[in-house]
1. Say the dipole of the chain comes from +1 at the beta carbon of Lys and Arg and -1 at that of Asp and Glu; which of S253, G198, I124 then lies farthest toward its positive end?
2. For the chain, what does the helix formula give at 222 nm: sum of -39500 (n - 2.57) over DSSP H segments with n ≥ 4, over the residue count, nearest 500 deg cm²/dmol?
3. Can you give me the convex hull volume of the Cα atoms of the range 211-253, divided per residue and expressed in Å³?
4. Can you order the peptides 111-118, 252-259 by their average number of other Cβ atoms within 10 Å per residue, highest first?
5. In debye, nearest 20: dipole of the range 130-224 around its Cα centre with unit charges on the Cβ of K, R (+) and D, E (-)?
6. Got a sec? How would E144, E232, E284, E58 order by Cβ neighbour count within 10 Å, fewest to most?
7. Sequence neighbours fewer than 8 away in the same chain don't count; with that in mind, list the lysines whose C-alpha is under 23 Å from K285.
8. Only Cα pairs under 8 Å and at least 6 apart count here; give the relative contact order of the range 130-224 as a rounded whole percent.
Amino acid sequence: MTRIFATAAFTFAAALTHCGLAQAQSDTYPARPIHVYVGFAAGGGNDLFARLVAPQFEKAIGATVIIENKPGAGGRLAAEQVSRAPADGYTLMVAASGAMSIAAASLPNLSYHPTRSFVPLNMIASFPLVLVVPADHQVKTVKELIEFAKANPAKANYATSSPAFTVASELLKLKTGMPAQPIPYKSSNESNLSVVSGQTLFTISDGPPAIPLVKGGKLRALAVTGSERSPELPDVPSMGEAGLPAVNSQLWSGFFAPAATPAPVVAKLRAALTQALADPGVQEKLRGMAVKPGGPVGDAFGKWVDDDVKAISEIVKAADLKFDQ
């Protein structure tokens, strides 16, 4: 009995010590620069997000914020590195849905998990995808695209440059029964240009490379995924309006910290990021990038990610998709 009491007392004392250390760390945090890793090269969407938020984040947190680019494997190299970093609040990550929920749903040997290896902090932005065909094609609506593909299966193909766009396209196929074969490209810009040239029938793309081609008369936008229209394409219906509300694929980007980061430090980070993302200038610039600013924070963000993993896993299984690690 004495031994049990001593063990319990030791455990309780250790817990108190841990809480005390965590509180002490929070009281002095941050005491040095915070490094934010981005899994893509400078100039890409996630890099722009990070650099846009960084100045306001610095003001709110009271420390220098340094953006570190570590491109490779669709953002997974940065995620692997940050998942192994000290959980002290000085190493963070701006990560996209491709390296997080989509990778977790489609790559069985992934070395990390988006909500078990990390603490989700704040979503930066989310955005729908846009379904486009050649501007001079006879197809003018989603319904006509489905009918054309079913009547001309040999001409039904789609361009894709990542699992994110493959999953979105396969979801469209699953919900409509239309045939279409994927044609791989190295970037979403190349995918869009393949549609412009008529090499592929359609692509489901992120907005930045597609919207200028739509506005320039090179592509015809048939719909944006989800239930809301895009402010950048106000005359283009949503998939919900096209009768396909379940085709709701969207991408997102957010801030993450390594798992086991002390709760008081996490609270400071979330509060500072919330303040930074609420800045009117940041919001305006994010909207100018054709994205919806902000989104869920903390546990709500973690649930968003877990729900995203589940939904994408179901698509991957139903379409029998296989992706290279």
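Readers should treat all values here as calculations from the given coordinates under stated rules, not as data from a laboratory. Please read these numbers as outputs of a predicted model, since none were measured by experiment. Glycine gets a Cβ as well: all are built from the backbone with ideal geometry, and neighbour counts include every protein chain shown.
1. So the residue furthest toward the plus end is G198.
2. Working: 11 runs with 142 residues, N = 325.
After summing the helix terms and dividing by residue count, I get -14000 deg cm²/dmol.
3. On the way: hull volume 3.4 nm³, N = 43.
Spelled out: Cα convex hull of the range 211-253, divided by residues, is 78 Å³.
4. Working: 111-118: 19.1, 252-259: 23.8.
Ranking, from highest mean packing down: 252-259, 111-118.
5. On the way: 10 positive and 6 negative charges, 28 e Å.
Dipole magnitude for the range 130-224 comes out near 140 debye.
6. Working: E144 14, E232 22, E284 10, E58 17.
Listing E144, E232, E284, E58 from fewest to most nearby Cβ atoms yields E284, E144, E58, E232.
7. Hits, sequence-local ones excluded: K59, K215.
8. Contact order relative to length: 47 percent.
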